[in-house]
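All remarks here apply to the structure that follows.
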Amino acid sequence: MDERIEDLQRLPRNAAACQGAVLPLARFAGEDPASPAQARVPLWVHAESGLVYTDADALLSAAHDPLGAALEALIGFVETMQARPQRVEVRDPELAEYLRRYLPETGIEVQLRDRLPALDRAAKELAEMADAHAQGPPSLLGGRDVTIERIRAFADAAADFYRAAPWQYLSDSDLIEVESPKPPRLMGCFVVLGAGRSIYGLGLYPDRLSYERFLRAGQDADYDQAITSGVSQVTFDHLEEIPASDAALWLQHRLPVAADHAYPTAVKYGRNGQVSPPTEAELTFLEAILRALAETTESEIDAGRWSKEVATSDGPRTVTLRIPDLLDPPSPQEWIKRGFLPDRRAHERLFADMGRYLDENSLPEGDEQATISRVFAGRSFDTPLTQPRTTAEQAQDLCFQAFGAHGRRRVQLARRALQIDPDCADAHVILAEQAGSAEDELDHYRQATEAAERALGPEFFAENVGHFWGISQTRPYMRARFGLADALNAAGREEEAIELYRDLLRLNPNDNQGVRYTLLPGLMALGRDEEAAALLKQFDEESASWAYARALLAFRLGGRSDAAARELRAATRINEHVPELLECDEPIPQPPHYAIGSVEEACIAADQLQAAFHATPGALEWIAEEVARQARERDKVRREKRRKERARQKKRKGR
């Protein structure tokens with residue numbers, strides 16, 4: 001340090017001043033994300049020219065010496081300018097005292113000042129650059145009339161909401177209307193996000209029509225600006241994912257937070273794709289809604305309408321919420337009209353109705369099919385001709401109705417079914433699908449499986465193995481078993497899941513449920529190649545998943561062999577888009593439907609096989625090189641064909 005100070009003395013003097021500080025940044029500095037420490041960086045600016053000097057890569061944690069770093073950065077700045085400033089200006093008394101110990105011999109005066117306009121401009125630009133680089137939402141503090149006190153109240157309410165986890169009871173199918181307080185113009189109704197365990201928070205809409213437009217657009221992943229205009233969101237994320245300036249607020253002011261992945265933010269989507277933070281009034285409204293939901297019980301939700309007295313930044317408020325679809329449940333046709341795709345399981349109610357009709361009516365032998373076609377032609381599954389007779393049938397009928405409904409209504413119907421018949425497997429399946437946690441999901445699928453086994457009995461399994469899916473009363477069991485296997489797989493218990501998948505194929509070798517598409521990648525990811533090869537042979541099909549699985553198995557068995565190249569060539573003819581997606585680092589979106597050879601089919605195949613490819617040393621490099629080589633070969637063949645065609649044309653012209 002002394003040698004560098006001496007070097008400064010030899011530089012010419014400059015009449016201007018430098019302003020500096022150790023600037024806090026909204027980044028982690030340290031190895032423990034559960035206890036985030038705010039990173040800092042020294043910043044210096046030439047007051048006259050506006051030239052800025054900082055080393056953004058040298059982030060300082062609490063363990064670093066910020067004063068020494070500030071001096072090091074100042075020396076680097078002066079060396080860059082090749083001129084000593086007449087003075088340096090800082091507003092931190094501790095930094096001023098530190099600099100005065102080292103700079104007297106250089107002739108640089110150290111002044112303590114409250115107003116440092118050049119430094120403030122540079123700091124603001126640096127923060128804006130950080131926010132822009134993060135490509136995140138705008139800062140809450142940028143909302144009209146929003147203060148740190150309002151943000152603190154919002155943060156406290158958001159933390160309570162997150163800890164209460166109302167997504168255990170509500171899904172984004174449950175539209176909630178706000179009766180009081182009077183909502184802001186574009187926040188008249190909302191849904192709770194989190195049932196899908198990916199995005200947590202609130203989605204707010206001006207009205208039901210806006211919500212339904214948004215829902216229909218989501219089915220095709222077509223969220224254009226006209227659809228998102230007027231939508232608002234409260235979401236939760238890790239500290240580094242929220243706006244940098246907001247992260248700084250949380251760290252500097254020690255704002256409440258429920259977990260290290262639960263830092264809240266709120267945004268509004270306007271016209272032309274504009275994104276803005278909520279105003280003071282809107283932020284306080286969100287505070288009230290979050291507090292009310294945090295205090296709401298499951299029984300209050302099931303009542304369909306409830307009120308809560310909550311404290312807000314503007315004093316106590318009465319929040320009254322209602323779920324219209326619980327107070328007046330829609331018909332299946334109404335759900336479809338709103339944009340909710342029908343659940344195909346609901347149509348099994350029609351098959352049950354047909355079975356009861358045949359039981360109740362003595363028809364001449366051979367006349368059953370014609371009569372069923374005549375009587376049930378055009379009949380909807382929600383208007384049965386017959387009524388359930390036993391408690392088991394009554395409970396199952398409620399489940400069929402639940403399959404035709406959505407959101408909390410499904411849960412209500414499933415629980416009613418269990419009250420009638422505790423061994424109603426489909427009721428537990430529904431509760432598993434609507435579960436708010438992985439533990440509850442696994443528990444309900446296990447109960448569903450056990451209930452179905454009791455209901456069917458061991459003799460039934462022995463007598464009907466091999467054609468289970470063709471018997472309607474087995475389907476709740478097959479659904480429960482498949483769901484249990486998927487839940488175990490998601491919990492990291494792959495070996496247990498594979499045994500359940502294999503047993504499902506034993507009971508139903510035709511695999512009407514598509515178990516093989518989950519079993520195959522599971523076998524390959526675990527290195528059980530012989531079983532995977534047998535499964536490929538058992539279901540000989542020309543799908544992208546099967547074709548690329550064959551290619552990977554050939555590579556595993558023989559490396560960069562001619563056999564592996566042939567399999568890969570066949571796979572690329574079926575779908576050429578898969579190789580690129582296999583190397584994707586981001587989650588691969590899963591489309592609701594696809595066409596053979598399409599990008600959508602490739603997304604499904606790549607998602608299924610990505611883990612197996614990554615688990616195979618050299619596989620991704622091989623597939624990239626082989627695809628490039630095959631492309632060169634095709635280009636060579638095309639060029640040769642064009643050359644021969646030009647030669648033939650030239651020969652014809654010469655005749």
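Cβ separations smaller than 6 Å between residues 6+ apart or across chains give the following pairs from the stretch 607-634 residues that are in the same structural domain as residue 550 (by TED's automatic domain parsing) to residues that are among the polar types (S, T, N, Q) and surrounded by 13 or more Cβ atoms within 10 Å (Cβ to Cβ): 608/545. For the residues 340, 285, the requirement of being in the same structural domain as residue 401 (by TED's automatic domain parsing), of a type in the set (A, V, I, L, M, F, W, C) and buried (at least 16 other Cβ atoms within 10 Å of the Cβ) singles out 340.
For the stretch 28-53: of the residues being more than 17 Å from residue 253 (Cβ to Cβ) and modelled with pLDDT under 70, which is surrounded by the most Cβ atoms within 10 Å (Cβ to Cβ)? Working first, answer last.
Here is the first cut: in the stretch 28-53, the residues more than 17 Å from residue 253 (Cβ to Cβ) are 28-34, 41-53.
Pick out the ones that are also modelled with pLDDT under 70 and you get 28-34.
Working: 28: 20, 29: 17, 30: 14, 31: 8, 32: 9, 33: 13, 34: 7.
Restricting to residues being more than 17 Å from residue 253 (Cβ to Cβ) and modelled with pLDDT under 70, the top hit is 28.
Restricting attention to strands (runs of 3 or more DSSP E) lying wholly within the stretch 77-192, give those where 3 or more residues are over 30 Å from residue 258 (Cα atoms).
On the way: elements: 84-90, 109-112, 176-180.
In the stretch 77-192, 84-90, 109-112 are the strands (runs of 3 or more DSSP E) which contain 3 or more residues that are over 30 Å from residue 258 (Cα atoms).
Could you tell me whether residue 522 is under 25 Å from the mean Cα position of the chain (by Cα) and part of a helix (DSSP H, G or I)?
Judged against the criteria, residue 522 is a match.
Which of the residues that make up the stretch 607-655 are more than 30 Å from residue 580 (Cα to Cα) and not acidic (Asp, Glu)? If the condition is that a residue be more than 30 Å from residue 580 (Cα to Cα) and not acidic (Asp, Glu), then 643, 644, 646, 647, 648, 649, 650, 651, 652, 653, 654, 655 are the ones that fit.
Figure legend. Inter-residue proximity from the stretch 68-87: first residues in the same structural domain as residue 15 (by TED's automatic domain parsing) and basic (Lys, Arg), second residues surrounded by fewer than 22 Cβ atoms within 10 Å (Cβ to Cβ) and modelled with pLDDT of 90 or more, beta-carbon distance below 6 Å, spacing 6+ or different chains. Indicated pairs: 87/17; 87/109; 87/111. Assess whether residue 371 counts as being touching an Asp or Glu at 6+ places or on another chain (Cβ under 6 Å), more than 26 Å from residue 325 (Cβ to Cβ) and surrounded by fewer than 16 Cβ atoms within 10 Å (Cβ to Cβ). For residue 371, the condition - touching an Asp or Glu at 6+ places or on another chain (Cβ under 6 Å), more than 26 Å from residue 325 (Cβ to Cβ) and surrounded by fewer than 16 Cβ atoms within 10 Å (Cβ to Cβ) - is not met. What do you reckon, is residue 367 under 32 Å from the mean Cα position of the chain (by Cα) and free of Cβ contacts under 8 Å to residues at least 12 places away in the same chain? So residue 367 fails the test.
So that you can scan it fast, the table gives a plain yes or no per residue for (1) more than 30 Å from residue 354 (Cα to Cα); (2) of a type outside the set (Gly, Ala, Ser):
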| position | (1), (2) |
| --- | --- |
| 442 | yes, yes |
| 454 | no, yes |
| 464 | no, yes |
| 483 | no, no |
| 494 | yes, yes |
| 516 | yes, yes |
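The set of residues in the stretch 193-207 that are in contact with a Leu (Cβ under 6 Å, 6 or more places away or on another chain) and in a strand (DSSP E or B) comprises 201, 203. Scanning the stretch 425-463 for residues that are in contact with a Gly (Cβ under 8 Å, 6 or more places away or on another chain) and either part of a loop (DSSP other than H, G, I, E, B) or in the same structural domain as residue 394 (by TED's automatic domain parsing) (or both) gives a single hit, 436. Report yes if residue 611 is in contact with a Pro (Cβ under 8 Å, 6 or more places away or on another chain) and surrounded by fewer than 17 Cβ atoms within 10 Å (Cβ to Cβ), otherwise no. The answer is yes for residue 611. Only one of these conditions is not met by residue 363: (1) closer than 26 Å to residue 426 by Cβ; (2) in contact with a Ser or Thr (Cβ under 7 Å, 6 or more places away or on another chain). Which number is it? Just one mismatch for residue 363, condition (1).
The C-beta contact set for the stretch 239-259 (first residue assigned by TED's automatic domain parsing to the domain that holds residue 200, second residue among the basic types (Lys, Arg), distance under 6 angstrom, 6+ apart or interchain) comprises 255/152; 258/163.
Checking the condition among the charged types (D, E, K, R), out of contact with any strand residue (DSSP E or B) (no Cβ under 6 Å at 6 or more places or on another chain) and in contact (Cβ under 8 Å) with a residue 24 or more places away in the chain, which residue from 493, 516, 481, 502 passes? After applying the criteria, what remains is 481. Condition test on residue 339, is it on the phi > 0 side of the Ramachandran plot and touching a residue at least 24 places away in the same chain (Cβ under 8 Å)? Answer is yes for this residue.
Restricting the stretch 527-542 to residues that are aliphatic (A, V, I, L, M) and more than 18 Å from residue 508 (Cβ to Cβ) leaves a set whose member that is surrounded by the most Cβ atoms within 10 Å (Cβ to Cβ) is 532.
The values are calculated or read from the model by the stated rules, or taken from the named source; none is laboratory data. Here the structure is a predicted model, which means the values were calculated and not measured. Cβ coordinates were reconstructed from backbone atoms using ideal geometry, including for glycine residues, and neighbour counts include every protein chain displayed.
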